[in-house]
Amino acid sequence: MPGMFRKLIASGVAAKLVQEARKPQNQAKIKEMVAKLGEQNKKRGGGAGRGRGAVR
């Protein structure tokens, strides 16, 4: 029963996020945040070289 309740809440939260993401003012905020993350990633040298170590 607790798992079902958790899934119900998660789906409600996801639905609310989708509703909010459709609003134009929130789309602008999301674009700005994605651009910021892209800049930070470039400064750190990207994501290459991370992971589980050498491939054998």
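Rule-based calculations on the coordinates, nothing more; no lab input. Everything numeric in this text was worked out from a predicted model, so none of it was measured. Cβ coordinates were reconstructed from backbone atoms using ideal geometry, including for glycine residues, and neighbour counts include every protein chain displayed.
Derived scalar couplings between HN and Hα for segment 8-22 equal 5, 5, 4, 5, x, 5, 4, 4, 5, 4, 5, 4, 5, 5, 7 Hz in order, rounded to whole Hz, by the Karplus curve 6.51 cos²θ - 1.76 cosθ + 1.60 (θ = phi - 60°), x for Gly and Pro.
With a cut-off of 14 Å between beta carbons, the residues surrounding ALA14 carry a summed charge of +3, where Lys and Arg count +1 and Asp and Glu -1.
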